[in-house]
Amino acid sequence: MDADRRRGFADVDDALFDTTQIPLTSRDIRTVGELLHDIDHTARHLLMDVAGDDAGRLLHGWPDLITAAASLWSSLPGQGFGAGAHTRDEPITRLVSVADAIGRSLRNTSWPPASRPDRRMTQMTRTLGHADDLVHRYGADIPLQRTESYRDLEAARARIMHALYVTAHAVGVSLHQHGHSRYQAALGSNRPIELSQRHAPYAVPPTTEWIRRMAVSEAAAGRYLDGRFTQALRGEASRPIEDDTRISRALAGWDIQAHRTLASDAWPTNMVLITRTQGLIAGAAMVLVDAAHHAGHLEPTDRLSPAIAETGRAWSNLASRWGDLTAPDARLDPDLMRTAAEVRAAFRELTHASTTMASLDVIATRPGLERGTRATLHALESGSELAYVIGEKAHTPGLTGPARALSIRAHNDVESTLANPHPNGDVVWISPAEILARKIVLAPRPVVESLLIASALTVESCNRACTASLCHAVTTELGSPTGDDRRLALSEQRSEVVPGTSLARNHPIPR
């Protein structure tokens, strides 16, 4: 009996020693091109998420970002190579000059007050520094005499400048929103603010000079990109896929790191990144499943894709709600950011062309589709357990967040009947004084109620996607009946766990 039990455990533990499943948890394996894609990705998210309260921290992060970008720019091989090299380098020189002036002014001004740089700016600066290190180490090996090498270098410069252009615009938008808030707050006072007649209407003191300097930076980057960006990106080199296990290793590393972060004290500040990445995995799963159907690796089904789409929407909704609970100056876990970036890079290598999403015909012919689809479906199955853990975190007492965001969310949830109204009718959940002072306050009852509901819906949708994945008919290329039975048994074990229990006690987190 004991021998049979030991053999049973050995069968289950075989996967632990599969070399294709061992995650790289200690180093970043992304290329310079993938790092530049990540910087562009972060800049675009910054532009979508920026708010007026971010203006001061964004300004504090701008000089360091430009310094890192200029260092990478000067490290790229081929400086002074080709016609128009001097003209090509003028914009980055101009950006450095303006950023230096901003840095000096920040040390001698009352607004914005001294603070840490915005975490997204810090992330972009760190990524640029990593790319700079790679170029310093391997740049001498690039054959500059080849036309494709020169075009790839020009594409890299265009990527850098585009990220700076989008970021400068985001800082300008934040400054305008800050000016608009100051104008609205002064309307009911004895000292109304006069709108600007020379600049944009809400370029009001003390933001006027900052808006002017960021507009100069944006214009300098825009002049470089005008008529050049799309043409330069056509010359971007893409290496062939040589490692068909990258997605599985990236997802295994992400699952480990996500659980480590959730077990730490810093989990509230990292919840948005965790939930957004889970939503990205669901979105990538839809693309890979469609491509696998197209290639004949999966049998057509009407159940799997809708379940995955519902899961992606649930994760995105949950990410939005945790975003309201995140302090503006929160610091993200660097290891979590790295593993999330590796997941994005691994999926992009398979699903994208140089500038856009690749067609299903192209994805279907790429090596790694079978392994990538299987690993992504496995990630959907394990995502149900992660949803349970995040659901437990929603029950944590004393959740806090920025007063303005929580006030808006509370009133919206009551009006949309997602949360129960106050017994006394319409009430002010957070005082105007706390909103004006930009305080971090306790989450009001409607916010907590709707967060719990959103967490439960995410768990439910993840379980449905897991069931659809396990029950889906898979061809011999993607999995064996034995593997399906094993995954079904693991799913049944997960379904016995109910929200409110401590998953960390039952599932030790690797260290």
Exercise for the section: Kindly establish whether Thr208 is of a type in the set (Val, Ile, Thr), touching a helix residue (DSSP H, G or I) at 6+ places or on another chain (Cβ under 6 Å) and surrounded by fewer than 21 Cβ atoms within 10 Å (Cβ to Cβ). Expected result: no
Completion exercise
When every residue in region 329-362 that is within 20 Å of the chain's Cα centre (by Cα) and of a type in the set (Asp, Glu) is compared, the one surrounded by the fewest Cβ atoms within 10 Å (Cβ to Cβ) is Asp329
Practice task
Take Gly401 and decide whether it is touching a residue at least 12 places away in the same chain (Cβ under 8 Å), touching a Ser or Thr at 6+ places or on another chain (Cβ under 9 Å) and more than 16 Å from Ala319 (Cβ to Cβ).
Solution key: no
Handout entry: Residues of region 438-452 classified as under 10 Å from Pro402 (Cα atoms) and either of a type in the set (A, V, I, L, M, F, W, C) or crowded, with 20+ Cβ neighbours inside 10 Å (or both), total
Key = 4
Handout entry: Pair list, Cβ under 7 Å, 6 or more apart: region 413-428 residue farther than 10 Å from Arg445 by Cα, other residue of a type in the set (Gly, Ala, Ser) and not in a loop (DSSP other than H, G, I, E, B)
Key = Asp413/Ser450; Leu418/Ser450
Practice task
Can you confirm whether region 426-437 contains a residue that is in the same structural domain as Ala456 (by TED's automatic domain parsing) and in contact with a Leu (Cβ under 8 Å, 6 or more places away or on another chain)?
Solution key: yes
Problem - Matching residues, region 359-383, being under 17 Å from Gly253 (Cα atoms) and either not acidic (Asp, Glu) or not assigned by TED's automatic domain parsing to the domain that holds Ala319 (or both) - result: Arg371, Gly372, Thr373, Arg374, Ala375, Thr376, Leu377, His378, Ala379, Leu380, Ser382, Gly383
Fill in the blank from the handout: Residues of region 192-246 being among the hydrophobic types (A, V, I, L, M, F, W, C), farther than 15 Å from Ala55 by Cβ and outside any helix (DSSP H, G or I), in sequence order, are Ile193, Leu195, Ala237, Ile241
Problem - Residue check, Asp265 in contact (Cβ under 8 Å) with a residue 40 or more places away in the chain and in a loop (DSSP other than H, G, I, E, B) - result: no
Fill in the blank from the handout: Residue pairs qualifying under the 6 Å Cβ cut-off, at least six apart or on distinct chains, with the first in region 336-351 being within 22 Å of Leu262 (Cβ to Cβ) and free of Cβ contacts under 8 Å to residues at least 60 places away in the same chain and the second being among the basic types (Lys, Arg) and in a helix (DSSP H, G or I), are none
Handout entry: Residue satisfying condition, being in a helix (DSSP H, G or I), surrounded by fewer than 16 Cβ atoms within 10 Å (Cβ to Cβ) and among the aromatic types (Phe, Trp, Tyr), within set Tyr165, Tyr138, Tyr183
Key = Tyr138
Practice task
Have a look at Glu154, Glu209, Glu194 and point out the one that is of a type in the set (D, E, K, R), farther than 21 Å from Leu128 by Cβ and touching a residue at least 60 places away in the same chain (Cβ under 8 Å).
Solution key: Glu209
Practice task
Run down Arg212, Arg239 and say which single residue is charged (D, E, K, R) and assigned by TED's automatic domain parsing to the domain that holds Arg88.
Solution key: Arg212
Practice task
For residues that are touching a Leu at 6+ places or on another chain (Cβ under 9 Å) and crowded, with 22+ Cβ neighbours inside 10 Å, tally how many sit in region 233-248.
Solution key: 2
Practice task
Go through the residues of region 59-76 one by one and say whether even a single one is among the β-branched types (Val, Ile, Thr), assigned by TED's automatic domain parsing to the domain that holds Pro117 and modelled with pLDDT of 90 or more.
Solution key: yes
Practice task
Check whether at least one residue in region 151-172 is modelled with pLDDT under 95, of a type in the set (Asp, Glu), out of contact with any strand residue (DSSP E or B) (no Cβ under 9 Å at 6 or more places or on another chain) and closer than 30 Å to Thr355 by Cα, and report yes or no.
Solution key: yes
Handout entry: Candidate set: region 302-316, residues that are more than 11 Å from Leu380 (Cβ to Cβ) and small (Gly, Ala, Ser); chosen: the one nearest to the chain's Cα centre (by Cα)
Key = Ser316
Exercise for the section: List every residue pair whose Cβ atoms sit under 7 Å apart, with the two residues 6 or more apart in sequence or on different chains, where the first one lies in region 102-131 and is closer than 16 Å to Leu332 by Cβ and the second, anywhere, is surrounded by fewer than 18 Cβ atoms within 10 Å (Cβ to Cβ). Expected result: Arg116/Asp329; Arg119/Ala330; Arg119/Arg331; His130/Asp28
Completion exercise
When (1) closer than 15 Å to Met286 by Cβ; (2) surrounded by fewer than 17 Cβ atoms within 10 Å (Cβ to Cβ) are applied to Thr365, the one that fails is (1)
Problem - The one condition in (1) in contact with a helix residue (DSSP H, G or I) (Cβ under 7 Å, 6 or more places away or on another chain); (2) not in a helix (DSSP H, G or I) that Val428 fails to fulfil - result: (1)
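The values are calculated or read from the model by the stated rules, or taken from the named source; none is laboratory data. Remember, predicted model here, so these are calculated numbers, not experimental data. Here Cβ is always computed from backbone atoms with ideal geometry, including for glycine, and neighbour counts include all displayed protein chains.
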